[in-house]
Amino acid sequence: MASHPTYARTSATRRLVTLAVLAVAAVAGWLGWQRWHGRAAPLTYTTTPLARTTLVRSVTASGTLSPVEISTVGSQVSGRVIEVLVDHNDRVTKGQVLARLDPQVLTGERAQARARLQAAQAELVRAKATAANAHVTATRTASLVASGAVSASDVDAAQAAAAVADAAVASAKASIVLAQAQVRNAETNLTYTTITAPIAGVVISRSVDPGNTVAASLQAPELFVIAGDLARMELHASVAEADVSQLADGQRVELAFDAFPDRTFAGAVRQIRNQAVTTNNVVTYDAVVSVANPDGLLRPGMTATATFVVDQAPDALVVPVKALRYRPATATMDKPARGARPSPGVWVLRDGAPVRVAVTTGLSDGTSTVITGAGLAEGDAIITADSRARAAPAAGNGGSRGGNRSSGPPGPPPMF
């Protein structure tokens, strides 16, 4: 039987594919064996230098700046504004004239009140004369009873007329008192047409111009707002209820304003107000911070971030909280007694190997912690992580600062 070339070629191709698959499998197996039995990858450490600095624990809140003393100037009478003598940012003294209203209507009302007073005084004179005549008539009538010229009823009528005349005198006197009060009221209203500054300070708002009509029928309209001494300001900061217990009167406060990003202003807590403010189920309290503003850079209404200094540790050795949680994968440590907390410690990279140093922890801001311990020195390479270990649980929150990666001696493969 004759051979078939096509069949021969197909068989040869299959043999080549099978040999290629076997070769790939052999290479992969050899590489896997080399990796399994080869040398472990070098162990590397992440470190941060032990720094000496000032650690501050603080509470942060935002607030709005306002003058310590502020006065809203209005008008107690209605009228047309004929003169405005101050503008925004003008400095004024106490009693200085700010504006004037047209006094013509109130001048007429004062003239009417004075006329009513004069009429009441004239009525008193007439009433007194009438009363005097009535008393004379009553006396004369009474003297004629004995002669029979008048009856007893005539005497009674004369005495009653005298009493009515006395009442008219009393009424006239009351009318005079009322008229005098109306005159004083008209004169007082007339003085209100001159608007003066109740305090010394700076005009921060002016809402009136000449020709405007002021209507004071329901409430005094706001014409000017005067801020007192702007060298003394105060910040009203909203402090969360979880933080308010850490604040106290006189506490130091550092203030940062968007208008001055490169400068920090100093303040002090003047008052923690007891009235709670609830917004969207969030409870806050108003902390009033005294702020010195001698150069006048700060303006009313500015917003600030207030940092309340709760506690601080100056010139202290500080490590990231993460360093207190670190433990090498190969470390063996004695277990603490049941119910006891493990003693804190940090691992220092010395001669390429981690060395544990027992420490005492101090102030913490949640990110960094103050430590003290024998054998520690500024600049020590504190280990915060390595390429194989996992952080062990420890007290405190926060992360770590950026560190340096250092190579150590090779270690055994990780244990699972």
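Output the residues belonging to the range 102-120 that are in contact (Cβ under 8 Å) with a residue 12 or more places away in the chain and within 27 Å of VAL84 (Cβ to Cβ). Matches in the range 102-120: ASP102, PRO103, VAL105, LEU106, THR107, GLU109, ARG110.
Table: residues versus (1) in contact with a Lys or Arg (Cβ under 9 Å, 6 or more places away or on another chain); (2) closer than 30 Å to ILE371 by Cα; (3) free of Cβ contacts under 8 Å to residues at least 60 places away in the same chain; (4) surrounded by 16 or more Cβ atoms within 10 Å (Cβ to Cβ).
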{"position": "THR54", "(1), (2), (3), (4)": "no, yes, no, no"}
{"position": "THR60", "(1), (2), (3), (4)": "no, yes, no, no"}
{"position": "VAL81", "(1), (2), (3), (4)": "yes, no, no, yes"}
{"position": "GLU123", "(1), (2), (3), (4)": "no, no, yes, yes"}
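Among the residues of the range 224-277, how many are farther than 17 Å from ILE70 by Cβ and assigned to a strand (DSSP E or B)? Total satisfying the criteria: 26. With the structure loaded, tell me whether ASP249 is among the acidic types (Asp, Glu), in contact with a strand residue (DSSP E or B) (Cβ under 6 Å, 6 or more places away or on another chain), without any contact (Cβ under 8 Å) to a residue 40 or more places away in the chain and surrounded by fewer than 18 Cβ atoms within 10 Å (Cβ to Cβ) or whether it fails that test. Spelling it out, ASP249 is indeed among the acidic types (Asp, Glu), in contact with a strand residue (DSSP E or B) (Cβ under 6 Å, 6 or more places away or on another chain), without any contact (Cβ under 8 Å) to a residue 40 or more places away in the chain and surrounded by fewer than 18 Cβ atoms within 10 Å (Cβ to Cβ).
Kindly provide the set of residues from the range 178-222 that are surrounded by 15 or more Cβ atoms within 10 Å (Cβ to Cβ) and of a type in the set (Lys, Arg), ordered by number. Across the range 178-222, the qualifying residue is only ARG206. With the condition kept exactly as written, say whether any residue in the range 335-357 is touching a Gly at 6+ places or on another chain (Cβ under 8 Å), at pLDDT 90 or above and under 30 Å from LEU230 (Cβ atoms). No, the conditions are met nowhere in the range 335-357. A single entry from VAL282, VAL291 fulfils the requirement of being in contact (Cβ under 8 Å) with a residue 40 or more places away in the chain and over 13 Å from the mean Cα position of the chain (by Cα): VAL282.
Residues checked against (1) of a type in the set (Gly, Ala, Ser); (2) more than 20 Å from MET302 (Cα to Cα):
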| position | (1), (2) |
| --- | --- |
| ALA197 | yes, yes |
| GLN219 | no, yes |
| LEU223 | no, yes |
| MET233 | no, no |
| SER238 | yes, no |
| ARG263 | no, no |
| GLY267 | yes, no |
| GLN275 | no, yes |
| VAL283 | no, yes |
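Condition check for SER66 on (1) part of a loop (DSSP other than H, G, I, E, B); (2) under 16 Å from GLY228 (Cβ atoms); (3) touching a Leu at 6+ places or on another chain (Cβ under 9 Å): one failure, at (1). If you go through the range 101-152 and pick out every residue that is part of a loop (DSSP other than H, G, I, E, B) and among the hydrophobic types (A, V, I, L, M, F, W, C), you end up with 5. Here the range 317-334 is the region considered, the condition is being in a loop (DSSP other than H, G, I, E, B) and under 46 Å from the mean Cα position of the chain (by Cα), and the residue that is modelled with the lowest pLDDT is ARG327.
The values are calculated or read from the model by the stated rules, or taken from the named source; none is laboratory data. Here the structure is a predicted model, which means the values were calculated and not measured. Using ideal geometry, Cβ is built from the backbone for each residue, glycine included, and neighbour counts are taken over all protein chains shown.
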